[in-house]
1. Give the shape of the stretch 228-298 as rounded, prolate or oblate, defined through the alpha-carbon gyration tensor: a ≥ b ≥ c are the square roots of its eigenvalues, a/c under 1.5 means rounded, and otherwise the shape is prolate if a/b is larger than b/c and oblate if not.
2. In straight Cα distance, which lysines are under 28 Å from K26, not counting same-chain residues fewer than 8 positions off?
3. Take each of the peptides 147-154, 160-167, average the number of other beta-carbon atoms within 10 Å over its residues, and list them starting from the highest.
4. Can you put C285, C198, C142 in order of Cβ neighbours within 10 angstrom, beginning with the fewest?
5. Could you tell me how many degrees, from 0 to 90 and to the nearest 10, lie between the Cα long axis of helix 106-119 and the main elongation axis, the longest principal axis, of the Cα atoms of the chain?
6. Calculate, in nm to one decimal, what D216 and H296 gain on full extension: separation in residues at 0.36 nm each, minus their alpha carbon distance.
7. Mind giving me the nanometre distance, one decimal, between the label points for N166 and K135, set 7 Å out from Cα along Cα→Cβ?
8. Nearest 5 is fine: what % of DSSP beta bridges in the chain come out antiparallel, could you say?
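Where a number appears in this text, it was derived from the coordinates with a stated rule and is not lab data. Remember, it's a predicted structure, so these values are computed and weren't measured experimentally. Here the Cβ is made from the backbone with ideal geometry for all residues, glycine too, and neighbour counts use every protein chain on show.
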Amino acid sequence: MVEVEGLHKHFGNKVAVDGVSFTVKKGEVLGFLGPNGAGKSTTMRMVTGYIPPTQGTVSIDGANIEKNEIAAKAKIGYLPEAAPLYSDMTVEGFLRFAGEMRGIPIADLDAAVDKAIKTTFLEPVRHQSVDTLSKGYRHRTCFAQSIIHDPEVLILDEPTDGLDPNQKHEVRQLISRMGKEKAILFSTHILEEVEAACTRAIIIDRGQVIADGTPDELKAKSANAGSVRLKATGLAGSGIQAELEKLSAAREIQVISSSDDGIEARILPTKGNSDQLGKQVSGVCQDKKLSVEEIHIEEGRLDELFREITKTDSED
């Protein structure tokens, strides 16, 4: 549905996007992750045809976004970061206007507006003026306009920005449900959104794609994937720590708490030895006859991978 090939964007001498390529298929929710200033919003604007690329192509269901602009954009629902609205309209009035601009026949317009309002939980403010809405309701109203014409492709730039925790949860659930029938691309810097809503994620830094995979695949790439969480008693914490530090598969022992009768710690694996670490830690527990209250192997964490592979000095 969405094919992005070799996108570049230069602003004078500054390179904002540097050779980005990816695809989004129907039934796929692709999270576009990156630190602030990594090039996410610039890429989204090129994908929607809002700004032209310096180099590269974007196709929406086979239609080139520059050469066949009307056909390509007709298939897109777009939620921009700023959520622009006409403040003097009511919510229903704005959505009717958006539906008319999208070419929805008058006979079908009422049903389309009703569906968009119901889907985005806007019924309580349906007849309210946009300029009186809270930030959360304004964002939902803009979300509603992006789905008013039932597009095949949804492109959402920071869709939960400014929402409270309950509203964030509702939007993530909505994205996940719609993703079963549409191709969805959404940018975010909130890692929990990727695990909550995405079937796949891309990490971008300094305008380049540096990781691509399912959430589980990305977590497995973390250097700390395979870490062992241990809580045990029966020996002084310092003694248990000393035994753990002898393990060939242990890179670091992160002590959470230690006492005269036990320890709680996270044991990080050396490179390539995550499969062996759990066995070695279990061996220590057996040899020292420790009473184990908790022991489990971590699958890896997105936040750790994100910090490992992105640079903290990215600029927009």
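1. The shape class here is prolate.
2. K26 reaches K9, K40, K67, K73, K75, K115, K118, K168, K180, K182, K219, K221.
3. My ranking of the peptides, most packed first, is 147-154, 160-167.
4. C285, C142, C198
5. 20
6. 27.1 nm
7. About 1.8 nm separates the two model spin labels.
8. Just about 70 percent of them are antiparallel.
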